[in-house]
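What follows is one structure encoded as structure tokens, with my remarks underneath.
Each reported figure results from applying straightforward, stated rules to the coordinates on display, with no laboratory input. The structure displayed is predicted, hence computed values, not measured ones. Glycine gets a Cβ as well: all are built from the backbone with ideal geometry, and neighbour counts include every protein chain shown.
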């Protein structure tokens with residue numbers, strides 16, 4: 001078997017692409033893990049199907065970070081850093097140690113996750129009844145303008 005420069009470069013390129021894809025997949029899974037952890041923490045007593053929670057996390061990240069959207073917690077490097085910190089300290093540890101701009105980003109992320117989860121599931125209804133399974137209805141973009149007026153007269 002003869003190894004040529006072209007074959008060697010093609011092999012190295014293939015390995016590089018596979019490694020980059022694996023890193024991207026791991027990063028996406030880790031970021032989804034942060035979203036799932038926030039939901040589990042904030043909606044602790046509720047019965048939430050893990051598959052539906054995973055769908056919500058994927059939809060949340062796609063809607064909130066796609067289409068050029070840049071909430072403060074989605075700036076480059078923030079979610080991977082939070083993911084690494086959460087794997088070591090847990091979300092409570094990150095919350096207690098975060099100061100300044102990082103604290104603001106963590107708070108913004110948690111607010112977004114909690115409000116979107118409440119709006120896209122039957123979690124409020126399950127809380128009021130005191131029993132039942134939380135169902136995810138799908139991510140629907142609501143009006144994000146805090147100054148919007150909806151006069152229904």
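Numbers below:
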read-out: Taking 117, 147, 56, 139 and counting other C-beta atoms within 10 Å, the order from fewest to most; value: 147, 139, 117, 56
read-out: Exposure proxy order (Cβ contacts within 10 Å, fewest to most) of 86, 127; value: 127, 86
read-out: Convex hull of Cα atoms in the range 45-123, direction-averaged projection (nm²); value: 5.8 nm²
